[in-house]
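The values are calculated or read from the model by the stated rules, or taken from the named source; none is laboratory data. In this text the structure is predicted, and so the values were computed from the model without any measurement. Cβ placement follows ideal geometry from the backbone for every residue including glycine, while neighbour counts extend to all protein chains displayed. These accessible areas exclude ligands, DNA and RNA; they are computed on the full protein's heavy atoms, side chains included. Shrake-Rupley method; radii C 1.70, N 1.55, O 1.52, S 1.80 Å.
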Amino acid sequence: MNILNFIQSLAQKRAKLVVGRIFPHIKHAKRILDIGCGTGHVADLLIETGKKIVPVDISNKSLVGSIKPIIYDGKHLPFPDQSFDTSLLLMVLHHTPDPSVVLSEAARVGKEIVVIETVYKKLFDKIITVLFDSLGNLQPKFYWNSYHKDEDWKTFFESKGYEIEATQYHRDHQWFLIPQFHNVYYLRKIHK
């Protein structure tokens, strides 16, 4: 097995896991924006379920031939307000210098938001998470202050006017059996 096939296999396996985790929150959504679509495997699997997916990212990292992301600047999404049923932010916010900018744009264009974020419990967990996440994503630059504990993400979402309708907690083993914690947050805008 060559390296590209190995990466494809890992990405496909991870995408199936992610889709299984988010699908209960998007089963009624018809038009979905996949912000930071990465390799394109999640978008591809969601299209197979009949969803209308629009993938966007800051560069084209797609490994799926049929998935061609719309390239944007990471700050301003090129879509009208509320043009999607759901915005997906799947392990994206911690890769941004300012998660509030990305969340605000996701909220502007999507009626609901589903987030998966890598979280940590202790400082040592944060160090390991940041290091292995950077290596696993071949990302030489990381944003130390964009990684948070579960309670910090919840406070962040609430400060932006969201209620958390559902949360799922997952402990995954990725690099050398080192656990990483991934939380799924299903957000709805609080209407006042």
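Descriptive notes on the structure:
- If you run the Gaussian network model on the chain, springs between alpha carbon atoms under 10 Å, then out of GLY74, GLY36, GLY161 the most flexible one is GLY161.
- With every protein chain in place, the chain: carbon and sulfur % of accessible area (1.4 Å): 59
- Accessible surface computed residue by residue for the range 61-110, with neighbouring protein chains in place and a 1.4 Å probe, gives 43 Å² per residue.
- Of LYS61/LYS160; LYS68/LYS126; LYS68/LYS111; LYS27/LYS121, those spanning more than 28 Å from alpha-carbon to alpha-carbon: LYS61/LYS160; LYS68/LYS126; LYS27/LYS121
- Computed on protein heavy atoms with a 1.4 Å probe, the accessible areas place PHE79, PHE157 in the order PHE79, PHE157, largest first.
- Comparing mean-square fluctuations of LYS68, LYS122, LYS52 from a GNM of the chain with C-alpha springs under 10 Å, the top value falls on LYS122.
- Calculated Rg and Dmax of the Cα atoms in Å (choose from [x] 16.0, 51; [y] 15.8, 55; [z] 20.0, 69), label: [y]
- FRET E, pair LEU63, ILE128, Förster distance 30 Å, beta-carbon r, rounded to 0.05: 0.70
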